[in-house]
Every structure is written in C-alpha cells, then in structure tokens.
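Each reported figure results from applying straightforward, stated rules to the coordinates on display, with no laboratory input. It should be emphasised that the depicted structure is a prediction, and the values quoted were computed from it without experimental measurement. With ideal geometry, Cβ positions are generated from the backbone for all residues, glycine too; neighbour counts draw on all protein chains shown.
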Amino acid sequence: METTIHRLINGDARELTYLDDASVHLVVTSPPYWNLKQYNDNAAQLGHIQDYEAFLLELEKVWRHVYRILVPGGRLVCVVGDVCVA
C-alpha cells in the first residue's frame, strides 16, 4: 500500500519553483482582496500593490504556478470573503 504524505506549505505562491510539475493534489488559498482589506506590514503582500493592473499580473503568476503543480484532476480551493467597496 502506498503511503500518503500531507504537507502544509506557507509561503509566497508566486515562488513555487521548488515544487515539481504535476506533484500536488490540492491547493487551498485565500487570494488577497487588492485594496479592499487591510494587510499586515509585510511589503511583499500582494494586497499592498497599489496599481490594479500590476496586482492582476502578480496574481496571474500565482494561478500559473498552481496550474503547473497540480496533478491532472487536482483541486484548487479559493477561500473568498464577502468584501465589497461601499
């Protein structure tokens, strides 16, 4: 019987080069809400990017990495909240 290994990785999803192609079965993430939510002081947070087009380009890097590392039939779970501009 094969052994299943579970790993939790906390890091910058734009930098997943250390993960092999088609090596992950499940990705759970909560993408930033651009300027709709206050984030911590870490300047590398995607939520701190002021320019919307630049924000979208950085977010695209995340989705490209996720697509690359997911096995065929793998799952991506995006946790999103009910955040809106009033």
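May I ask you to say which residue of 36, 8 is surrounded by 10 or more Cβ atoms within 10 Å (Cβ to Cβ) and of a type in the set (A, V, I, L, M, F, W, C)?
Working: 8 fails: surrounded by 10 or more Cβ atoms within 10 Å (Cβ to Cβ).
From the options 36, 8, the qualifying one is 36.
Which of (1) more than 12 Å from the chain's Cα centre (by Cα); (2) of a type in the set (A, V, I, L, M); (3) within 17 Å of residue 10 (Cα to Cα); (4) surrounded by 11 or more Cβ atoms within 10 Å (Cβ to Cβ) does residue 59 not meet, given it meets every other one?
(1)
Could you tell me which numbered condition residue 18 fails, if it satisfies all but one of (1) part of a loop (DSSP other than H, G, I, E, B); (2) surrounded by 11 or more Cβ atoms within 10 Å (Cβ to Cβ)?
If we test residue 18 against (1) part of a loop (DSSP other than H, G, I, E, B); (2) surrounded by 11 or more Cβ atoms within 10 Å (Cβ to Cβ), just (2) comes out false.
Scan segment 14-65 for residues that are more than 17 Å from residue 76 (Cβ to Cβ) and hydroxyl-bearing (Ser, Thr, Tyr) and jot them down.
17, 18, 33, 39, 52, listed by residue number.
Of the numbered conditions (1) β-branched (Val, Ile, Thr); (2) free of Cβ contacts under 8 Å to residues at least 24 places away in the same chain; (3) in a helix (DSSP H, G or I), residue 3 satisfies every one except a single condition; which is it?
Every listed condition holds for residue 3 apart from (3).
One line per residue, one yes/no per condition, for (1) without any contact (Cβ under 8 Å) to a residue 40 or more places away in the chain; (2) in a strand (DSSP E or B):
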position	(1), (2)
32	yes, no
38	yes, no
55	yes, no
59	yes, no
65	no, no
72	no, yes
